[in-house]
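Participant: Pasting a structure below so you can have a look.
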Amino acid sequence: MIVRIVQMSFKEELVDDFLELFNERKQRIRSFDGCQHLELWQHAHEKGIFFTYSIWDSEKHLDHYRFSELFKDTWTRTKQLFADKPKAWSVIRKDVIEPL
């Protein structure tokens, strides 16, 4: 299992555009092979900062999504709304024991 956290900063006047895009795409992402979970978080004090939190069966599944047409189109449209460079982390939950 792999957890992917992506921090994105949007121009405040474009936040609604991002939310519309996310809401349009979230079910398709959640239904993607290997995706166990997807959440969108908003910073408590900075309206333009969001995080996606997703759980994938494996890094292979995540990579398959990241090279898909769904991701490419979604990311291309999302990047146009950025106020700053995104940051991303792939992490392993330590409360879940899995063989390497």
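The values are calculated or read from the model by the stated rules, or taken from the named source; none is laboratory data. Here the structure is a predicted model, which means the values were calculated and not measured. Here the Cβ is made from the backbone with ideal geometry for all residues, glycine too, and neighbour counts use every protein chain on show.
Rundown of residues vs (1) surrounded by 13 or more Cβ atoms within 10 Å (Cβ to Cβ); (2) touching a Gly at 6+ places or on another chain (Cβ under 8 Å), yes/no style:
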{"position": "4", "(1), (2)": "yes, no"}
{"position": "18", "(1), (2)": "yes, no"}
{"position": "43", "(1), (2)": "no, no"}
{"position": "61", "(1), (2)": "yes, yes"}
{"position": "68", "(1), (2)": "yes, no"}
{"position": "76", "(1), (2)": "no, no"}
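Participant: Which condition number does residue 53 fail, the rest of (1) part of a helix (DSSP H, G or I); (2) among the hydroxyl-bearing types (Ser, Thr, Tyr); (3) touching a residue at least 12 places away in the same chain (Cβ under 8 Å) being met?
Facilitator: For residue 53, the exception is condition (1).
Participant: State which residue is nearest to residue 16 (Cα to Cα) when the search covers only the stretch 28-41 and only residues that are surrounded by 15 or more Cβ atoms within 10 Å (Cβ to Cβ) and out of contact with any Asp or Glu (no Cβ under 9 Å at 6 or more places or on another chain).
Facilitator: 40
Participant: Another question, if that's okay. Restricting to the stretch 58-76, name every residue that is over 12 Å from the mean Cα position of the chain (by Cα) and either closer than 16 Å to residue 9 by Cβ or part of a loop (DSSP other than H, G, I, E, B) (or both). Talk me through it step by step, then tell me what you get.
Facilitator: Going residue by residue through the stretch 58-76, those that are over 12 Å from the mean Cα position of the chain (by Cα) are 58-61, 63-64, 67-70, 72-73, 76.
Those that are over 12 Å from the mean Cα position of the chain (by Cα) and either closer than 16 Å to residue 9 by Cβ or part of a loop (DSSP other than H, G, I, E, B) (or both): 58, 67, 68.
Participant: Going through 55, 92 one at a time, which residue ends up being among the β-branched types (Val, Ile, Thr) and over 11 Å from the mean Cα position of the chain (by Cα)?
Facilitator: Of the residues listed, the single one that is among the β-branched types (Val, Ile, Thr) and over 11 Å from the mean Cα position of the chain (by Cα) is 92.
Participant: Test residue 47 against the criterion of being over 16 Å from residue 4 (Cα atoms), of a type outside the set (A, V, I, L, M), exposed (fewer than 13 other Cβ atoms within 10 Å of the Cβ) and without any contact (Cβ under 8 Å) to a residue 12 or more places away in the chain, and give yes or no. Talk me through it step by step, then tell me what you get.
Facilitator: Values: over 16 Å from residue 4 (Cα atoms): yes; of a type outside the set (A, V, I, L, M): yes; exposed (fewer than 13 other Cβ atoms within 10 Å of the Cβ): yes; without any contact (Cβ under 8 Å) to a residue 12 or more places away in the chain: no.
Considered against the rule, which asks whether it is over 16 Å from residue 4 (Cα atoms), of a type outside the set (A, V, I, L, M), exposed (fewer than 13 other Cβ atoms within 10 Å of the Cβ) and without any contact (Cβ under 8 Å) to a residue 12 or more places away in the chain, residue 47 comes out as no.
Participant: Which ones in the stretch 9-49 are within 22 Å of residue 93 (Cβ to Cβ), part of a strand (DSSP E or B) and in contact with a helix residue (DSSP H, G or I) (Cβ under 7 Å, 6 or more places away or on another chain)?
Facilitator: Scanning the stretch 9-49 gives 35, 38, 40.
Participant: Check the stretch 85-92 and report whether any residue there is surrounded by 16 or more Cβ atoms within 10 Å (Cβ to Cβ), modelled with pLDDT of 95 or more and under 14 Å from residue 2 (Cβ atoms).
Facilitator: No, because not a single residue in the stretch 85-92 is surrounded by 16 or more Cβ atoms within 10 Å (Cβ to Cβ), modelled with pLDDT of 95 or more and under 14 Å from residue 2 (Cβ atoms).
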